[in-house]
Amino acid sequence: MSLSTEKRTLLCVITEAVLEQTLLRDLDRLGVRGYTVSDARGRGSRGIRDAAWDEAANIRIEVICARALAESTLEHIQARYYANYAMVAFLQEVEIIRPQKF
Amino acid sequence: MIDIVVLFFLFGLVAGLARSELKLPAALYDSLSVFLLLAIGLKGGQGLATAELGPLLPQLGAVILLGILQTLIAFGLLRSIVKLGRADAASTAAHYGSVSVATFAVGVNWLMTRSIEFEPQMAIFLAVMEIPAIMVGIVLARGIGRDTDWGLLAHEAFLGKGVTLLLGGMIIGWIAGPEGLAPIKGLFFDLFKGALALFLLEMGLIVSHQAGELRKRGFVIIAFGLLMPLLSALLGLACGLALDLSIGGLTLLATLAASASYIAVPAAMRLAVPEANPALSLSFVLGVTFPFNILAGIPFYHWLALQLTGNPS
């Protein structure tokens, strides 16, 4: 027996913790219905972000949704935040169950 | 004799510079800052419970003007002498126009250690002076109107963690008065120095991370980071004299004026002026001004206060 799954897109955004409220508001406005936020740390072109204190803290926001919404959200984020903030965002195909949820 | 809490700062600084493995949990830093803000608020509120509130309003107006003036002066100097771009100059100026709770706490501790009294409203000054510089900095960076979400920023500025905790603590202290506060005195007042010492250990580690940025730009950062607090302290002393503050009050107002924000303002500027480089502003504030204030500034401002009031001891 195989599990019946459907394809959706996972949008993952890793960025500065200071942007959390602003980004979540944007997601709501763009029609995203749910998301998961976790604390993150790492290193990139803007140096080590080790979360030792607020200014150096990162977050990781994950959204699973339809491909079209994921793409338009990523485009919005790229246009608005890429230039000035430490940010990595990418899309990934995922298989989900309970398709009505996403 | 150097204050014991400052030794903890130096310890963190040296450990960080030596690339020690030492790392305090981020949750501890957060908890300690909540503790310090509440303790300062409670202490101020307790004092206000027995003080006249009438003269307070004009005093608040005066310290708001002080914060605005400092921001404008810092912006002018950063544009003309340090030659920063508009966004970076405005953002850094806002840091200098605002205040640092940690510096204030070290100042309070310095005065308490020497049994020097100061006015209870200093805690209100601390809360009030945090905000105007943020607004002025944003206006300097992008003018009034146009794509600035003032609602969001006002929320960030007035209901940020710092101001909320300070005002909350103050209101509790004011309602409870010295007697009502007695049951929690052990935690918030007696442990203040120990908590401050731990907090400064973490500050030492944070400051040590600024070394790289300092090496990159070197002299200008050090020069501005030292001169701006001295200039601000003089403005603070002048304001304090006009308000007829005590020696302790003068020292603390000079310390507040000389201090530069590294929590509330960076967060607000990051949102409102994203093109400004946050690492640059923090290298001024944390790399130079904060260590200068707690190591040499506070005793010097006290000495200046004594000279200005004509009772050198």
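The values are calculated or read from the model by the stated rules, or taken from the named source; none is laboratory data. Keep in mind that this is a model prediction, so the values were computed, not measured. In this analysis, Cβ positions are derived from the backbone assuming ideal geometry, glycine residues included, and neighbour counts consider all displayed protein chains.
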Practice problem: Identify, by number, the condition in (1) free of Cβ contacts under 8 Å to residues at least 12 places away in the same chain; (2) within 17 Å of B:GLU119 (Cβ to Cβ) that B:ARG270 doesn't meet. | Solution: (2)
Quiz item: Going by the conditions given, is B:LEU66 away from chain A (no Cβ under 14 Å), surrounded by fewer than 21 Cβ atoms within 10 Å (Cβ to Cβ) and assigned to a helix (DSSP H, G or I)?
Solution: no
Quiz item: If you scan the stretch A:71-91, which residues turn out to be more than 17 Å from A:ASP28 (Cα to Cα), more than 14 Å from chain B (Cβ to nearest Cβ) and touching a helix residue (DSSP H, G or I) at 6+ places or on another chain (Cβ under 9 Å)?
Solution: A:ALA89, A:PHE90, A:LEU91
Exercise. Quick one: which residue in B:SER100, B:SER91, B:SER31, B:SER80 is closer than 26 Å to B:ALA276 by Cα and surrounded by fewer than 17 Cβ atoms within 10 Å (Cβ to Cβ)?
Key: B:SER80
Exercise. Pick out, from the stretch A:18-102, the strands (runs of 3 or more DSSP E) lying fully within it that include 2 or more residues that are exposed (fewer than 13 other Cβ atoms within 10 Å of the Cβ) and among the hydroxyl-bearing types (Ser, Thr, Tyr).
Key: A:36-40
Quiz prompt | Which numbered condition B:TRP303 fails, given (1) surrounded by fewer than 18 Cβ atoms within 10 Å (Cβ to Cβ); (2) not in a helix (DSSP H, G or I); (3) not small (Gly, Ala, Ser) | solution = (2)
Quiz item: Restricting to the stretch B:188-229, what's the tally of residues that are of a type in the set (Asp, Glu), more than 24 Å from B:GLN70 (Cβ to Cβ) and within 14 Å of chain A (Cβ to nearest Cβ)?
Solution: 1
Self-check item: Of all residues in the stretch B:18-28 being free of Cβ contacts under 8 Å to residues at least 12 places away in the same chain and within 11 Å of another protein chain (Cβ to nearest Cβ), the one that is surrounded by the most Cβ atoms within 10 Å (Cβ to Cβ)
Solution: B:ALA26
Exercise. Look through the stretch B:210-222, keep the residues that are surrounded by 14 or more Cβ atoms within 10 Å (Cβ to Cβ) and out of contact with any Leu (no Cβ under 8 Å at 6 or more places or on another chain), and return whichever of them is modelled with the lowest pLDDT.
Key: B:LEU214
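Taking the criterion of being in a helix (DSSP H, G or I) and in contact (Cβ under 8 Å) with a residue 40 or more places away in the chain, would at least one residue in the stretch A:4-15 satisfy it?
Among the residues of the stretch A:4-15, not one is in a helix (DSSP H, G or I) and in contact (Cβ under 8 Å) with a residue 40 or more places away in the chain, which makes the answer no.
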Practice problem: Take the stretch B:29-41 and flag every residue that is over 13 Å from B:ASP190 (Cα atoms), touching a residue at least 24 places away in the same chain (Cβ under 8 Å) and either not in a helix (DSSP H, G or I) or not aromatic (Phe, Trp, Tyr) (or both). | Solution: B:LEU32, B:SER33, B:VAL34, B:LEU37, B:LEU38, B:GLY41
Quiz item: Going through the stretch B:92-145 one residue at a time, which ones are under 16 Å from the mean Cα position of the chain (by Cα), of a type outside the set (A, V, I, L, M, F, W, C) and in a helix (DSSP H, G or I)?
Solution: B:THR92, B:HIS95, B:TYR96, B:GLY97, B:THR103, B:GLY107, B:ASN109, B:PRO132
Quiz item: How do the pairs read when you match residues in the stretch B:168-181 that are surrounded by fewer than 17 Cβ atoms within 10 Å (Cβ to Cβ) with residues anywhere that are at pLDDT below 90 and outside any helix (DSSP H, G or I), using Cβ under 8 Å and keeping only pairs 6 or more apart or on different chains?
Solution: B:GLY177/B:THR50; B:PRO178/B:THR50
Quiz item: Taking B:LEU167, is it of a type in the set (A, V, I, L, M), more than 23 Å from B:LEU32 (Cα to Cα) and not in a loop (DSSP other than H, G, I, E, B)?
Solution: no
